[in-house]
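Here's the structure, in structure tokens; my notes come after.
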Amino acid sequence: MPEHKNKNFDRPGGYSTPLGSIASQRHNENYEDVTLLGDQARPHLPERKHISPTHSLSHPETSLYIGDCREVLANLPEKGAVDLIFADPPFNWDVPYENWSDDMPRSVFERFTFDWLDLCIDSLSPTGAIWVNIPDDTAAEVVLHLKRRGLIMVNWCVWHFRFGQYREGSFIMSKVHALYFVKDPVNRTWNSDAILELSDRATIYNDKRTQEKGKNKGMRVPMDVWYGKYWGRVQGNSRERRHGHHNQIPEVYLERVILACSNEGDLVLDPFAGSGTTSTVARAHGRRSISIECSEVNAASAWERISTIGMIRKNCSFGQSSAIHKKRTT
């Protein structure tokens, strides 16, 4: 008997799989039994105390704390009220950060990762979402830990960039994983219309069906591999570049996440502020935000960007085409 395409769109995940990737996770109830290397190391026990942000602004409310994110997260008054978390943590790749050891034994690094993830989960509202930007060598551990904490994975996206570190002994790394998890896949913020891009059907294939849709003609929700104009690594000659920072994510990346997974006035949190991209983009789009940074030097630079310079690539993450071929003429 020949197979027929299932066109029932009223299921989580669409028609491409029997249940959809979100619904299928509901059948897995034993993630709490998974043991990872980091479980062998001693958890960090934060000190309970009153904390205040080092920098703050209003309209919208924007705060920056200086300190170990585990200490700050444990003492935030907004615990349980954060709508969206974006985390780009240290990768443990021996980067010379100020006030931070980025060369931990593997078990200790995993324990550190689990500690801040747990505190982030505690900070989330019941309808909140967390995104984690993480490389190949720790993506699996983050996914498993979030699942054993009861969160549901909505997407495993990939940020692809063309400028990778040169090497000869293996393929050049040109991606980082963008992991999107929620507490409640049914009751979550999802603004698909805010992040639409031109579809390949419209820009390449001259497919008239895309112009016959009831709305968003010629447009689509972005695919789960992210690339295109302004999506590369932020290099030294970029207008976005904040010199003195080891790593910097492009503004379009944060803009897509913030527009898709939060509403104006919502609270966005970044436990690793770095150059301040998250709060800069959040502020540009009317979101409240909290950032945490362990380095006083980085925090000062980030705050200058957040409070004075502002977002440079506003509204550049949507409405464009990510097609890799020219429009067909025949």
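The values are calculated or read from the model by the stated rules, or taken from the named source; none is laboratory data. Values in this document were obtained by computation on a predicted structure and should not be read as measured data. Glycine also receives a Cβ, built like all others from the backbone with ideal geometry; neighbour counts cover every protein chain displayed.
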Notebook entry, point to check: How about the range 225-240: which of its residues are under 19 Å from the mean Cα position of the chain (by Cα), closer than 19 Å to Ile309 by Cβ and surrounded by fewer than 19 Cβ atoms within 10 Å (Cβ to Cβ)?
Noted result: Tyr230
Item checked: Sole exception among (1) over 29 Å from Phe109 (Cα atoms); (2) at pLDDT 95 or above for Leu45, by number -> (1)
Checklist line | Residues within the range 74-107 that are exposed (fewer than 15 other Cβ atoms within 10 Å of the Cβ) and polar (S, T, N, Q), tallied | finding: 2
Checklist line | Subset of the range 189-215 (residues that are surrounded by fewer than 19 Cβ atoms within 10 Å (Cβ to Cβ) and assigned to a loop (DSSP other than H, G, I, E, B)) | finding: Thr189, Trp190, Asn191, Leu196, Ile204, Tyr205, Asn206, Asp207, Glu212, Lys213, Gly214, Lys215
Check: Which residues, counting only those in the range 280-330, are surrounded by fewer than 14 Cβ atoms within 10 Å (Cβ to Cβ), over 21 Å from Pro89 (Cα atoms) and touching a strand residue (DSSP E or B) at 6+ places or on another chain (Cβ under 7 Å)?
Finding: Gly319
Item checked: Filter result (polar (S, T, N, Q) and more than 21 Å from Cys69 (Cα to Cα)) within the range 116-162 -> Thr127, Asn155
Check: Would you say Ser56 is in contact with a Ser or Thr (Cβ under 7 Å, 6 or more places away or on another chain) and closer than 17 Å to Phe272 by Cα?
Finding: yes
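Using the structure shown, decide if Leu254 is surrounded by fewer than 24 Cβ atoms within 10 Å (Cβ to Cβ), within 15 Å of the chain's Cα centre (by Cα), within 19 Å of Gly228 (Cα to Cα) and not aromatic (Phe, Trp, Tyr).
Details: surrounded by fewer than 24 Cβ atoms within 10 Å (Cβ to Cβ): no; within 15 Å of the chain's Cα centre (by Cα): yes; within 19 Å of Gly228 (Cα to Cα): yes; not aromatic (Phe, Trp, Tyr): yes.
Judged against the criteria, Leu254 is not a match.
Residues that are under 27 Å from Arg48 (Cβ atoms), modelled with pLDDT of 95 or more and of a type in the set (Val, Ile, Thr): list the helices (runs of 4 or more DSSP H) wholly contained in the range 62-181 that include at least 2 such residues. Let's see the steps before the verdict.
Working: elements: 69-75, 106-123, 136-148.
Result: 106-123.
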Next item on the list: Could you grab me the full set of residues in the range 168-188 that are surrounded by 12 or more Cβ atoms within 10 Å (Cβ to Cβ) and among the charged types (D, E, K, R)?
Entry: Lys175, Lys183, Asp184, Arg188
Item checked: Residue pairs meeting the criteria (Cβ under 9 Å; at least 6 apart or on separate chains; first in contact (Cβ under 8 Å) with a residue 12 or more places away in the chain and among the acidic types (Asp, Glu), in the range 55-82; second part of a helix (DSSP H, G or I) and surrounded by 15 or more Cβ atoms within 10 Å (Cβ to Cβ)) -> Glu78/Ser123
Notebook entry, point to check: Among the numbered criteria (1) in contact with a helix residue (DSSP H, G or I) (Cβ under 8 Å, 6 or more places away or on another chain); (2) closer than 21 Å to Cys120 by Cβ, which single criterion is violated by Arg305?
Noted result: (2)
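On the given criteria, is Thr189 among the polar types (S, T, N, Q), more than 25 Å from Gly319 (Cβ to Cβ) and modelled with pLDDT of 95 or more? Full working, then the answer.
Numbers: among the polar types (S, T, N, Q): yes; more than 25 Å from Gly319 (Cβ to Cβ): no; modelled with pLDDT of 95 or more: yes.
No; evaluated as a whole, the condition is false for this residue.
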